[in-house]
Amino acid sequence: RLRLVVHSRVTPRAPRTPHTARVVLVVLVVCALAEMSNVIKNVPNLAGMRYRIVDASGEVLGRLASRVARALQGKDKPTYAPGAGSGDVIVVVNAADVALTGKKMTDKKYYRHTGYVGGLVERSARDMFERDPTWVFRKAVERMLPRNVHARETMRKLRVFPGREHTFDETKLVRMQLEPRVLVKAPDTRAPEGMMAFNPEAHARRVALVEKSEAARKTLGHRPRA
Amino acid sequence: MTVREKIFAAAKGMRGRAKNCIKIARNRVEKSWQYQYRDRRNKKRDWRRLWITRINAATREHGVKYNEFINGLGRENVCVDRKILAELAVNEPHSFKALVDRVKHMRGL
């Protein structure tokens with residue numbers, strides 16, 4: 001006698017009891033609250049550390065992440081000491097509006113392998129933004145920190161919020177100074193009092209380059225501006 | 001003091017049998033001596049790295065990078081070493097700023 005046996009690939013789940021549903025709901029709510037709290041936990045020493053806030057909207061992802069990773073480690077302080085203790089707490093807002101240049105929204109891929117054969121998961125930056133708007137920025141910072149024992153504690157000092165709202169005390173937050181992105185920094189051509197240039201001709205050229213006036217362009221031999 | 005006593009004295013604080021059993025302690029203590037030899041030389045490098053990181057942070061507060069700063073100091077024949085510069089950056093900020101200003105102005109010349 002033939003019997004038709006149906007194998008289902010997914011084992012049927014047990015029906016959710018009311019108790020399980022309540023437990024799941026409580027866990028979800030607690031997770032959401034923990035995400036939205038302003039308490040930094042399990043971090044070596046927060047005494048004397050600043051709480052700095054930075055607005056990510058319009059900033060280029062990697063350049064901002066690099067700056068933030070540096071600040072998280074405490075490397076922008078002359079009192080830096082290796083270890084997870086010297087960095088400030090950084091609060092990032094508007095992380096969903098962080099900018100990616102070029103076609104990276106579709107072309108930048110994040111790869112993972114699940115361990116199973118054929119299990120290479122490839123997701124674009126746009127996918128990750130949809131799944132969790134803060135993930136892209138946090139991953140960028142995580143990958144810029146040294147892979148050592150302190151990496152996890154350092155990442156706990158970073159709080160990323162997708163929008164403008166954050167849960168920290170506004171009065172205690174210090175705005176983080178970001179250097180304006182200048183492609184070519186003009187050298188400081190002022191001489192201190194009583195000092196002369198080492199090489200007057202070279203100095204004249206440098207001053208002319210910085211001033212970019214018509215007379216200066218003539219001394220440099222550049223074409224006159226149309 | 002016997003040789004064995006000396007080895008156990010050096011093995012204080014080690015984990016597990018390495019502090020109590022001579023055969024294992026001897027191996028670990030000899031290894032620790034090798035590490036000490038190597039690290040006496042590494043210590044000098046590690047401190048210099050730390051001073052450089054601190055000087056970098058301090059000069060960037062004034063808008064100058066470490067490499068520009070050191071280059072400027074060299075050009076002006078300022079022979080203050082990195083250990084003292086790092087100390088100045090933390091404890092004598094005005095003196096440090098004077099050095100950074102000097103470099104900032106002279107680099108453009």
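The values are calculated or read from the model by the stated rules, or taken from the named source; none is laboratory data. A quick note: this is a predicted structure, and the numbers were derived from the prediction, not measured. Note: ideal-geometry Cβ built from the backbone for every residue, glycine included; neighbour counts use all protein chains shown. In case anyone asks, the SASA skips ligands and DNA or RNA and just uses the protein heavy atoms, side chains included. Shrake-Rupley method; radii C 1.70, N 1.55, O 1.52, S 1.80 Å.
Remarks
- From the list A:Lys139, A:Lys157, A:Lys172, the lone residue that is in contact with a strand residue (DSSP E or B) (Cβ under 6 Å, 6 or more places away or on another chain), basic (Lys, Arg) and farther than 19 Å from A:Asn42 by Cβ is A:Lys172.
- Counting the residues of region B:95-104 that are surrounded by 18 or more Cβ atoms within 10 Å (Cβ to Cβ) and within 11 Å of another protein chain (Cβ to nearest Cβ) gives 3.
- Taken together, A:Val117, A:Val121, A:Val89, A:Val93 contain a single residue that is over 30 Å from B:Phe96 (Cβ atoms) and surrounded by 17 or more Cβ atoms within 10 Å (Cβ to Cβ), which is A:Val93.
- Within region B:45-102, being among the polar types (S, T, N, Q) and touching a residue at least 24 places away in the same chain (Cβ under 8 Å) holds for B:Thr59, B:Asn71.
- Count of region B:57-89 residues which are at the interface with chain A (Cβ under 9 Å from one of its Cβ atoms) and at pLDDT below 85: 1
- Hits in region B:4-18 (condition: on the phi < 0 side of the Ramachandran plot, open to solvent by 40 Å² or more (accessible area, probe 1.4 Å) and without any contact (Cβ under 8 Å) to a residue 12 or more places away in the chain): B:Glu5, B:Lys6, B:Ala9, B:Lys12, B:Arg15, B:Arg17
- Residue within region A:120-142 that is at pLDDT 80 or above, out of contact with any Cys (no Cβ under 6 Å at 6 or more places or on another chain) and within 14 Å of chain B (Cβ to nearest Cβ) present: no
- Where helices (runs of 4 or more DSSP H) fall entirely within region B:27-109, those with at least 3 residues that are within 16 Å of the chain's Cα centre (by Cα) are at B:82-91.
- Residues within region B:66-109 that are farther than 20 Å from A:Arg206 by Cα and acidic (Asp, Glu), tallied: 3
- The single condition among (1) touching a residue at least 24 places away in the same chain (Cβ under 8 Å); (2) in contact with a strand residue (DSSP E or B) (Cβ under 8 Å, 6 or more places away or on another chain) that A:Phe129 does not satisfy is (2).
- In this entry, B:Glu92 is excluded by the filter for residues that are touching a helix residue (DSSP H, G or I) at 6+ places or on another chain (Cβ under 7 Å) and either surrounded by fewer than 16 Cβ atoms within 10 Å (Cβ to Cβ) or at pLDDT 95 or above (or both).
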